[in-house]
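The values are calculated or read from the model by the stated rules, or taken from the named source; none is laboratory data. Just so it is clear, the model here is predicted, and its values are computed rather than measured. Don't worry about glycine lacking a Cβ; one is built from the backbone with ideal geometry, like all the others, and counts go over all protein chains shown.
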């Protein structure tokens, strides 16, 4: 078969790589580059050059079995990974001291770690509850606001502090975080503060190194960048992908690894897709602006309180500054700037990304899209199907589609065997 994939982010590229050699592939990407939200820049600081990620960055190889397998297949080794401690500071406007500083920070002695006060107890409670929601596979339909009503009064009093964490991640107002799916919004924070200082791992050459390697190893596919998909139309027993630069690509099956609203637009000409388009319309988005800078914008005044993740709450919003110092030994920062009243003084680069809000309605829609559409050879991956936006989830969505399109593909079989074997070893 000839498979058309729209979207050259991690989901689309992983799928193309898995199907390579089994089906003919044509992949269309709107941007002038592949990789989606994996965007790495080279920045000079402290006498060296460093790969800095404006978009996605962290992985957790032990908890990312698909990512781990694909990276190994592409030749990445432990030497290509950098491990860093994940510390956190929370700041409120007008307060000289941070409201929360996590333990075991990268700074030498004198770090003003928050002890056993109300904020520490509230964050411990939240992280423990978030872990329980995952372990017990709580319904995605339960909101943070609903669960907050059941929290002990001292924790409930700190609710705005807790809601600031997912709000910064998803680009919504702190109050709006009450309406997010608790299980989806809490997943990144499960046991975040209770098990010492968590460690995160990222690629030394930047997150974009993985999609670049996927593209390079997918020799049999036709990949067109700067060719946004305009429409999907019927073409005999198959489809035609019509791009915005004059190309028409006949295919037997279509995989939309696009943001849901873009997928909805391109399906308008295709008959009998009203229900699918209505489902896609239930997934809301927010646009976030990030900047790379060399001055300590968004950081605490007290350097001893600096963390790898520094979240500031202001005027109903919460936004984060990531400090690369513990990884690089020099001061480079990436800040969310979407709603901040001020800007860094030494801005080096800027990028804009879109994130899907994990509302209960959105998670229901994504589950329907993950299981529907295959009977008519119309599939969805990435943003459209993953209740939690991580590199692992994007790649796992590609595995789900590949299993339907090419269950006997060599790369897919090796992946299934490896992941199953690792799972058995862990049990």
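Determine if region 313-321 includes at least one residue that is modelled with pLDDT under 95, in contact with a strand residue (DSSP E or B) (Cβ under 8 Å, 6 or more places away or on another chain) and in the same structural domain as residue 164 (by TED's automatic domain parsing).
Pass one, region 313-321, residues modelled with pLDDT under 95: 313-316.
Imposing the further condition that a residue be in contact with a strand residue (DSSP E or B) (Cβ under 8 Å, 6 or more places away or on another chain) reduces the set to 313.
Still in the list and also in the same structural domain as residue 164 (by TED's automatic domain parsing): 313.
Scanning region 313-321, I find at least one residue that is modelled with pLDDT under 95, in contact with a strand residue (DSSP E or B) (Cβ under 8 Å, 6 or more places away or on another chain) and in the same structural domain as residue 164 (by TED's automatic domain parsing), so the answer is yes.
Among the residues of region 210-225, is there at least one that is in contact (Cβ under 8 Å) with a residue 40 or more places away in the chain, assigned by TED's automatic domain parsing to the domain that holds residue 14 and under 23 Å from residue 85 (Cβ atoms)?
Filtering region 210-225 for residues in contact (Cβ under 8 Å) with a residue 40 or more places away in the chain gives 210-215, 217-225.
When the remaining residues are screened for being assigned by TED's automatic domain parsing to the domain that holds residue 14, the result is 210-215, 217-225.
Adding the requirement that they be under 23 Å from residue 85 (Cβ atoms) leaves 210.
Yes: region 210-225 contains one or more residues that are in contact (Cβ under 8 Å) with a residue 40 or more places away in the chain, assigned by TED's automatic domain parsing to the domain that holds residue 14 and under 23 Å from residue 85 (Cβ atoms).
Among residues that are within 23 Å of residue 366 (Cβ to Cβ), surrounded by fewer than 21 Cβ atoms within 10 Å (Cβ to Cβ) and within 20 Å of the chain's Cα centre (by Cα), residue 186 is not included. Restricting attention to region 22-72 and to residues that are without any contact (Cβ under 8 Å) to a residue 12 or more places away in the chain and in a strand (DSSP E or B), the residue that is nearest to residue 258 (Cα to Cα) turns out to be 42.
Kindly evaluate residue 383 against the criterion of being in the same structural domain as residue 219 (by TED's automatic domain parsing), within 21 Å of residue 67 (Cβ to Cβ) and either touching a strand residue (DSSP E or B) at 6+ places or on another chain (Cβ under 7 Å) or assigned to a loop (DSSP other than H, G, I, E, B) (or both). Outline the logic, then answer.
Values: in the same structural domain as residue 219 (by TED's automatic domain parsing): yes; within 21 Å of residue 67 (Cβ to Cβ): yes; either touching a strand residue (DSSP E or B) at 6+ places or on another chain (Cβ under 7 Å) or assigned to a loop (DSSP other than H, G, I, E, B) (or both): yes.
Answer is yes for this residue.
Tell me the residue from 350, 414 that is in the same structural domain as residue 24 (by TED's automatic domain parsing) and surrounded by fewer than 16 Cβ atoms within 10 Å (Cβ to Cβ), please.
On the way: 350 fails: in the same structural domain as residue 24 (by TED's automatic domain parsing).
Within the list 350, 414, the selection yields 414.
Count of region 73-90 residues, restricted to those that are assigned to a loop (DSSP other than H, G, I, E, B) and without any contact (Cβ under 8 Å) to a residue 60 or more places away in the chain, is 1.
Scan region 8-20 and tell me whether some residue there is under 21 Å from residue 218 (Cβ atoms), in contact with a helix residue (DSSP H, G or I) (Cβ under 6 Å, 6 or more places away or on another chain) and surrounded by fewer than 20 Cβ atoms within 10 Å (Cβ to Cβ). So far as region 8-20 goes, no, none of its residues is under 21 Å from residue 218 (Cβ atoms), in contact with a helix residue (DSSP H, G or I) (Cβ under 6 Å, 6 or more places away or on another chain) and surrounded by fewer than 20 Cβ atoms within 10 Å (Cβ to Cβ). With respect to the stated conditions, residue 355 fails to be buried (at least 24 other Cβ atoms within 10 Å of the Cβ) and either closer than 30 Å to residue 232 by Cβ or in contact (Cβ under 8 Å) with a residue 24 or more places away in the chain (or both). Every condition in (1) buried (at least 19 other Cβ atoms within 10 Å of the Cβ); (2) under 22 Å from the mean Cα position of the chain (by Cα) is met by residue 267 except one, and the failing one is (2). For residue 250, the conditions (1) touching a strand residue (DSSP E or B) at 6+ places or on another chain (Cβ under 6 Å); (2) surrounded by 17 or more Cβ atoms within 10 Å (Cβ to Cβ) all hold with the exception of (2).
Does region 26-37 hold any residues that are in contact with a helix residue (DSSP H, G or I) (Cβ under 7 Å, 6 or more places away or on another chain) and either more than 10 Å from residue 9 (Cβ to Cβ) or not assigned by TED's automatic domain parsing to the domain that holds residue 239 (or both), and which are they? Please lay out each step first, then the result.
Pass one, region 26-37, residues in contact with a helix residue (DSSP H, G or I) (Cβ under 7 Å, 6 or more places away or on another chain): 27, 34-36.
Result: 27, single match.
For residue 75, are the conditions met, namely being in contact with a helix residue (DSSP H, G or I) (Cβ under 9 Å, 6 or more places away or on another chain) and under 30 Å from residue 2 (Cβ atoms)? Yes: the conditions hold for residue 75. Across region 137-165, the qualifying residues are those that are under 19 Å from residue 365 (Cβ atoms) and in contact with a strand residue (DSSP E or B) (Cβ under 9 Å, 6 or more places away or on another chain), and the one among them that is surrounded by the most Cβ atoms within 10 Å (Cβ to Cβ) is 144.
Having 1 or more residues that are closer than 30 Å to residue 15 by Cα and in contact with a helix residue (DSSP H, G or I) (Cβ under 9 Å, 6 or more places away or on another chain) is the bar; report the helices (runs of 4 or more DSSP H) wholly within region 217-336 that clear it.
Working: elements: 260-266, 274-280, 325-328.
By residue number, 260-266, 274-280.
Spot the failing condition for residue 419; the list is (1) modelled with pLDDT under 95; (2) surrounded by 18 or more Cβ atoms within 10 Å (Cβ to Cβ); (3) in a helix (DSSP H, G or I); (4) touching a helix residue (DSSP H, G or I) at 6+ places or on another chain (Cβ under 7 Å), and only one is missed. In the conditions (1) modelled with pLDDT under 95; (2) surrounded by 18 or more Cβ atoms within 10 Å (Cβ to Cβ); (3) in a helix (DSSP H, G or I); (4) touching a helix residue (DSSP H, G or I) at 6+ places or on another chain (Cβ under 7 Å), residue 419 misses (2) alone. Note on region 198-216: residues that are buried (at least 16 other Cβ atoms within 10 Å of the Cβ) and in a loop (DSSP other than H, G, I, E, B) total 5.
Please specify each residue of region 134-169 satisfying the condition of being closer than 22 Å to residue 98 by Cβ, assigned to a helix (DSSP H, G or I) and in contact with a helix residue (DSSP H, G or I) (Cβ under 7 Å, 6 or more places away or on another chain). Show your work before the answer.
Our first condition is that a residue be closer than 22 Å to residue 98 by Cβ; within region 134-169, this holds for 154-169.
Pick out the ones that are also assigned to a helix (DSSP H, G or I) and you get 154-156, 159-169.
The answer is 154, 155, 156, 159, 161, 162, 163, 165, 166, 167, 169.
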